[in-house]
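Data block below; observations after.
The values are calculated or read from the model by the stated rules, or taken from the named source; none is laboratory data. Because the structure is a prediction, the values reported are computed rather than measured. For neighbour counting, all protein chains shown are included, and Cβ atoms are generated from backbone atoms with ideal geometry for every residue, glycine included. The area values use the complete protein model at the heavy-atom level, side chains included, leaving out ligands, DNA and RNA. Shrake-Rupley method; radii C 1.70, N 1.55, O 1.52, S 1.80 Å.
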Amino acid sequence: MLALQIRETKLGGLPDVDKKEKDDASPEEFPPELLIKHPLQHTWTLWYFEQDKNKSWEESQRLITNFDTAEDFWSLYNHIKQASELRQGCDYSMFKFGIRPMWEDDANKAGGRWLINLDKKQRNSDLDHYWLEILLLMIGEGFDSHSDEVCGAVVNVRAKADKIAVWTKTATAQASNMAIGRKLKEQLRISPKMVLGYQIHKDTMVKHGSMAKNTYVV
C-alpha cells in the first residue's frame, strides 16, 4: 500500500497541470489533503561517489541529502541526474539513515547483496528503469515482511558494464533473502532465463566483485 502511495505522489501531490500553472499556483489554490506529505517508514539517505585522487574511497563518498516523505523523494529524484547520465566510475547509493554504503558498516558487515549485471547497451534501455523500480520497492516497503532486512541499494556506472545491487543485512537469513530476490526479479520483469545471484560481502571483499560465488540464486 505504501509503495502504491509513493507512485501516486510522483507529481508531489499536485493536480495534473502544466509547469507554468504549477509554478504560478499558490498553496491556497489546492485542497489541503493534497498538500499533506506522505511519511515513509524510514528516513533514507542518498550518497554520490566520484573518485577524487586526493581522497580515499571512503572520503569520496558524499552524503547528498536525507528524506522521509514520498514527496521529498520525488523532489530529489526529479532534480538529480539519471543513473545513465552519470560519468563512468561514479555511483549512486541509497541507504536507510545511519547506514553507510560500505561493507564495513555495522549494519552491512554480516550481510550480502543481490547483484544485477547490465551490459553496456542496457544503459539506455534498462538502467534507469531498474534503478527507479528498486528505489520505489525499498522506500515503499515493497518487500513486505522482509523489508527490514534491506539496508540499501547501489548503482555503479562503469566503462564495460553497469551494476545494481540490493544490500541486505543478514546473509544467513535465507528465507528473507530468497523472498527479496524473487520480488526483485518479478518487479523488474527479468526473464526467467536470467539468473540473479546473491553474494555475501565477506566473499566479495576477498575476491574481485562479480567473481565472488553466488550463495543464493533466483
Checking segment 44-86 for chymotrypsin sites (Phe, Trp or Tyr not before Pro) in a loop per DSSP with at most 13 other beta-carbon atoms within 10 Å yields 57
Over 19 Å (Cα to Cα) among 96/169; 96/202; 109/213 -> 96/202
Computed over segment 48-186, protein heavy atoms only, probe 1.4 angstrom, the accessible area per residue in square angstrom equals 46 Å²
Once normalised by the length of segment 130-218, the mean sequence separation of its alpha carbon contacts under 8 Å that are 6 or more apart gives a contact order in percent of 22 percent
A 1.4 Å probe over the protein heavy atoms gives segment 156-218 a carbon and sulfur accessible-area percentage of 55 percent
Residues other than residue 83 with Cβ under 14 Å of its Cβ, Lys/Arg counted +1 and Asp/Glu -1, net out at -1
